[in-house]
Amino acid sequence: MSYNEQYTASIDNPEGYWAGQVDRIKWFKKPESILEKTDFGTYKWYADGELNSSYLALDWQIEQGRGEQVALYYDSPVTDTKKAITFNELHEQVTVFAGALRNLGVDKGDRVVIYMPMIPEAAVAMLACARLGAPHSVVFGGFAANELAIRIDDATPKVILTASCGIEFDKKIAYKPLVDKAMDLAEHKPSNIVVCQRPMLEAEMTEGRDLDWYEFQQGAQPVEPVPVRGDDPLYVLYTSGTTGAPKGIVRDNGGHAVAINYALQNIYGMQPGDVWWGASDIGWVVGHSLIVYGPLMGGCSAIFFEGKPIRCPDAGVFWRIIEEYKVNSMFCAPTAFRAIRKEDPEGSLSENYDLSSLKWVFVAGEKLDSSTYGWLSELLRVPVVDHWWQTETGWPMSAPLMGWDNPSEPRLGSTNKAVPGYDIRVVDGEGEEVSAGESGNIVVSLPMPPGVAWDIWNQSQRYVDSYLTAFEGYYHTGDGGYVDEDGYVVITGRTDDVINVSGHRLSTGEMEEVVSSHPAVAECAVIGANDSMKGQIPVGLIVLKAGEEIEEAQLEKELVAMVREQVGALACFRRTVVVQRLPKTRSGKILRAILRKIAANEEYKMPSTIDDEAILPEITDMMKGSGLI
Ligand code: AMP
């Protein structure tokens with residue numbers, strides 16, 4: 001079947017289309033229910049099937065004769081370590097680790113928080129939780145203690161799994177003190193913390209609560225996979241929303257397993273035995289879908305990379321990995337390639353390596369600028385494929401299907417066409433569809449396909465409010481853009497207060513809360529300014545309290561330290577500008593949409609509701625004066 005036939009079939013008869021995909025995976029009990037509506041209005045797939053995601057990633061692969069194939073190639077230039085772990089070995093490690101967790105009382109349905117660097121133990125931890133049917137919640141290691149505490153209080157885990165440290169270039173980042181601090185801050189107190197001690201920086205342990213990673217596994221019995229329902233949660237992954245607290249995106253087992261398998265083969269064009277590299281971190285959705293579950297469930301060998309694209313030891317490390325493991329395809333955020341290009345503008349380091357195994361490169365997470373696209377395509381001479389997805393969807397909404405005979409050609413500036421299952425539309429503010437090529441809000445007609453989250457942990461109503469209320473009958477992606485006459489999707493950016501820093505999604509609201517707590521600040525707005533390396537960087541527009549005489553440079557220093565301490569270094573909050581006032585509506589709401597446009601150097605229309613028209617040129621001048629636009 002051609003793309004058009006498949007796509008049309010998936011939209012005309014979603015239930016029939018996805019019923020036809022059930023046998024992509026091995027079920028303990030096949031689902032009878034393909035599609036169901038939940039009582040709060042979302043749609044779930046394969047709800048009454050029984051399966052286990054760790055079984056699919058490990059045992060099922062071994063049953064198909066892949067026991068001696070490498071499952072994970074751990075490559076850590078920052079510690080000078082390499083390990084090749086076969087499916088048999090990974091199976092053994094996971095089953096015993098799951099046994100040890102069970103001895104701590106972790107059972108089906110219990111949550112486990114994982115706060116770890118990119119070491120293979122983290123993948124073992126995720127798969128062990130999946131084996132027990134205990135949803136894991138991985139928190140990215142760059143988040144500060146306060147952010148970790150918020151997630152601990154929401155997920156209420158029985159146990160936390162961590163490591164003594166992470167490593168960034170030549171710096172050791174102590175993780176355990178952050179976990180200890182988070183434990184002090186959080187109201188919920190998990191009974192145990194299991195710590196993987198890394199020799200370069202050992203953590204202090206609290207007696208009775210903290211356990212050593214390897215000691216606690218001694219004597220543990222390997223466990224068989226626990227059958228879970230299709231609609232049981234596999235994991236909860238927090239992502240930034242527009243308001244303060246992050247949202248716990250819930251991924252189910254059944255829909256996810258089918259969808260990620262579908263994506264790996266059809267979109268990413270991977271076959272069992274291929275070598276796949278998801279160059280990201282387990283703390284993000286990519287790490288879940290494309291470092292751990294996707295490649296393993298698809299029988300691929302996955303690269304597990306602990307390092308950075310540059311200074312490891314140089315900007316040729318990506319090319320070294322591709323040659324050394326004969327990587328067939330990879331995923332990466334454009335920001336990594338921008339960093340490589342900055343260090344090695346001619347890409348001459350790539351000439352030292354044989355990159356002939358590489359079929360194509362996928363990029364997503366943020367806009368792919370034409371300059372980086374041109375540079376990379378020229379350098380690698382393979383298709384550079386831009387595609388679009390979100391934490392919520394867990395797999396791509398628009399992409400070419402590289403596994404099919406005639407994938408649609410890439411088109412510069414576009415993330416390609418809608419993937420089967422996603423009925424992508426563009427609507428105006430009133431929910432009316434706009435014509436092809438016209439910009440608006442990008443939405444997807446319900447039902448969303450399998451694998452897409454249909455619930456927020458503990459807050460089903462928030463799911464409805466965040467995604468289903470703005471435009472009835474549609475899932476609201478929060479992205480703006482258009483679809484051209486040939487069906488190519490173009491994403492121009494967020495339409496809400498989420499910004500994207502180096503492919504990391506961050507809430508400006510969260511940063512505003514921190515900034516406003518400074519005693520000199522009367523009010524503030526944090527907006528995303530364009531940045532040639534990171535895509536966007538946050539900038540705080542600050543109004544001082546009357547009579548406040550703090551030096552601007554001193555204030556900036558203090559605010560930068562506060563955001564680093566309370567949100568984390570990943571926010572890259574480094575700039576503040578003191579302004580006389582912020583633009584507001586007559587009812588007192590800050591006009592954020594306009595500020596976003598000013599920061600992006602885009603034209604804006606003076607809103608009729610503004611209380612004082614002089615403010616906007618004033619802010620534009622301030623931003624220009626500070627070199628931000
Ligand atoms: P996250 O949930 O952290 O993966 O962030 C998802 C957001 O990243 C999307 O809503 C988009 O705003 C942005 N994004 C993802 N992929 C792309 C892409 N290929 N081009 C432009 N923006 C993207």
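The values are calculated or read from the model by the stated rules, or taken from the named source; none is laboratory data. Note that the structure is predicted; figures quoted are calculated from it, not measured. When we count neighbours, we look across all protein chains shown, and the Cβ atoms used for this are built from the backbone with ideal geometry, even at glycine.
Could you tell me whether the range 400-412 includes any residue that is crowded, with 22+ Cβ neighbours inside 10 Å and either aromatic (Phe, Trp, Tyr) or outside any loop (DSSP other than H, G, I, E, B) (or both)?
Let us first name the residues in the range 400-412 that are crowded, with 22+ Cβ neighbours inside 10 Å, namely 400-401.
Narrowing further to those that are either aromatic (Phe, Trp, Tyr) or outside any loop (DSSP other than H, G, I, E, B) (or both): none.
Among the residues of the range 400-412, not one is crowded, with 22+ Cβ neighbours inside 10 Å and either aromatic (Phe, Trp, Tyr) or outside any loop (DSSP other than H, G, I, E, B) (or both), which makes the answer no.
Going through Val434, Val427, Val452, Val464 one at a time, which residue ends up being farther than 30 Å from Val560 by Cβ, crowded, with 23+ Cβ neighbours inside 10 Å and either among the β-branched types (Val, Ile, Thr) or touching an Asp or Glu at 6+ places or on another chain (Cβ under 9 Å) (or both)? Explain how you work it out, then say what you get.
On the way: Val434 fails: crowded, with 23+ Cβ neighbours inside 10 Å; Val427 fails: crowded, with 23+ Cβ neighbours inside 10 Å; Val464 fails: crowded, with 23+ Cβ neighbours inside 10 Å.
Every option except Val452 fails the conditions.
Does Ser289 satisfy the condition of being within 16 Å of the ligand (Cβ to nearest atom) and in a loop (DSSP other than H, G, I, E, B)? Even if it seems obvious, please write down each step before you answer.
Details: within 16 Å of the ligand (Cβ to nearest atom): yes; in a loop (DSSP other than H, G, I, E, B): no.
The answer is no for Ser289.
Residues to consider are Val226, Val236; find the one that is in a loop (DSSP other than H, G, I, E, B), of a type in the set (A, V, I, L, M) and within 30 Å of Lys29 (Cβ to Cβ). I'd like the intermediate steps shown before the answer.
Working: Val236 fails: in a loop (DSSP other than H, G, I, E, B).
That would be Val226, the only listed residue that is in a loop (DSSP other than H, G, I, E, B), of a type in the set (A, V, I, L, M) and within 30 Å of Lys29 (Cβ to Cβ).
Going through Val501, Val560 one at a time, which residue ends up being away from the ligand (no atom under 16 Å from the Cβ), more than 30 Å from Glu430 (Cβ to Cβ) and out of contact with any Pro (no Cβ under 6 Å at 6 or more places or on another chain)?
Values: Val501 fails: away from the ligand (no atom under 16 Å from the Cβ).
Answer to the check: Val560.
Do any helices (runs of 4 or more DSSP H) lying entirely in the range 1-98 carry at least 1 residues that are at pLDDT 95 or above, touching a Cys at 6+ places or on another chain (Cβ under 9 Å) and surrounded by 15 or more Cβ atoms within 10 Å (Cβ to Cβ), and which ones are they?
Working: elements: 3-12, 14-19, 53-57.
Once the helices (runs of 4 or more DSSP H) in the range 1-98 are filtered for at least 1 residues that are at pLDDT 95 or above, touching a Cys at 6+ places or on another chain (Cβ under 9 Å) and surrounded by 15 or more Cβ atoms within 10 Å (Cβ to Cβ), what remains is 53-57.
Could you please give the count of residues in the range 382-392 that are near the ligand (Cβ under 10 Å from one of its atoms) and either in a loop (DSSP other than H, G, I, E, B) or in contact (Cβ under 8 Å) with a residue 40 or more places away in the chain (or both)? Steps first, answer last, please.
So in the range 382-392, the residues near the ligand (Cβ under 10 Å from one of its atoms) come out as 385-392.
Keeping just the survivors that are either in a loop (DSSP other than H, G, I, E, B) or in contact (Cβ under 8 Å) with a residue 40 or more places away in the chain (or both) gives 387-392.
The qualifying residues number 6.
What number goes with the only condition from (1) closer than 23 Å to Met1 by Cα; (2) away from the ligand (no atom under 13 Å from the Cβ) that Asn416 does not pass?
Evaluating Asn416 over (1) closer than 23 Å to Met1 by Cα; (2) away from the ligand (no atom under 13 Å from the Cβ) leaves (2) as the failure.
Return the residues of the range 561-574 that are under 21 Å from Met622 (Cα atoms) and surrounded by fewer than 17 Cβ atoms within 10 Å (Cβ to Cβ); say none if nothing qualifies.
Narrowing the range 561-574 to residues under 21 Å from Met622 (Cα atoms): 572-574.
Once the filter is applied, which keeps residues that are under 21 Å from Met622 (Cα atoms) and surrounded by fewer than 17 Cβ atoms within 10 Å (Cβ to Cβ), the range 561-574 yields only Arg574.
Run Asp465 past the list (1) more than 16 Å from the ligand (Cβ to nearest atom); (2) in a loop (DSSP other than H, G, I, E, B); (3) among the acidic types (Asp, Glu) and report the number of the one that doesn't hold.
Condition (2) is where Asp465 drops out.
Within the range 244-266, how many residues turn out to be more than 16 Å from the ligand (Cβ to nearest atom) and in a strand (DSSP E or B)?
1
Filtering the range 507-524 down to residues that are over 12 Å from Lys545 (Cα atoms) and touching a helix residue (DSSP H, G or I) at 6+ places or on another chain (Cβ under 6 Å), which residue is farthest from the ligand (Cβ to nearest atom)?
In this case the residue turns out to be Val515.
Of everything in the range 200-259, what is hydroxyl-bearing (Ser, Thr, Tyr) and within 30 Å of Ser460 (Cβ to Cβ)? Give them in sequence order. Talk me through it step by step, then tell me what you get.
From the range 200-259, those hydroxyl-bearing (Ser, Thr, Tyr) are 206, 214, 235, 238-240, 242-243; that's our starting set.
Hits for the range 200-259 are Tyr235, Tyr238, Thr239, Ser240, Thr242, Thr243.
So Gly241 passes all but one of these: (1) touching a helix residue (DSSP H, G or I) at 6+ places or on another chain (Cβ under 6 Å); (2) within 16 Å of the ligand (Cβ to nearest atom); (3) in a loop (DSSP other than H, G, I, E, B). Which condition number does it fail?
That leaves (1) as the condition not met.
Scan the range 528-553 for residues that are among the aliphatic types (A, V, I, L, M) and farther than 24 Å from Glu366 by Cα and jot them down. Before the answer, list the steps.
Looking only at the range 528-553, we keep the residues that are among the aliphatic types (A, V, I, L, M), and these are 529, 533, 537, 539, 541-544, 546, 550, 553.
Of everything in the range 528-553, those that are among the aliphatic types (A, V, I, L, M) and farther than 24 Å from Glu366 by Cα turn out to be Ile542, Val543, Leu544, Ala546, Ile550, Ala553.
Looking only at the range 308-364, how many residues end up being in a helix (DSSP H, G or I), buried (at least 19 other Cβ atoms within 10 Å of the Cβ) and either within 16 Å of the ligand (Cβ to nearest atom) or charged (D, E, K, R) (or both)?
Going through the range 308-364 one residue at a time, the tally reaches 6.
From the list Trp375, Trp395, which one is more than 9 Å from the ligand (Cβ to nearest atom), under 21 Å from Val490 (Cβ atoms), part of a loop (DSSP other than H, G, I, E, B) and in contact (Cβ under 8 Å) with a residue 24 or more places away in the chain? Lay out the reasoning, then the answer.
Values: Trp375 fails: part of a loop (DSSP other than H, G, I, E, B).
Going through Trp375, Trp395 in turn, just one is more than 9 Å from the ligand (Cβ to nearest atom), under 21 Å from Val490 (Cβ atoms), part of a loop (DSSP other than H, G, I, E, B) and in contact (Cβ under 8 Å) with a residue 24 or more places away in the chain: Trp395.
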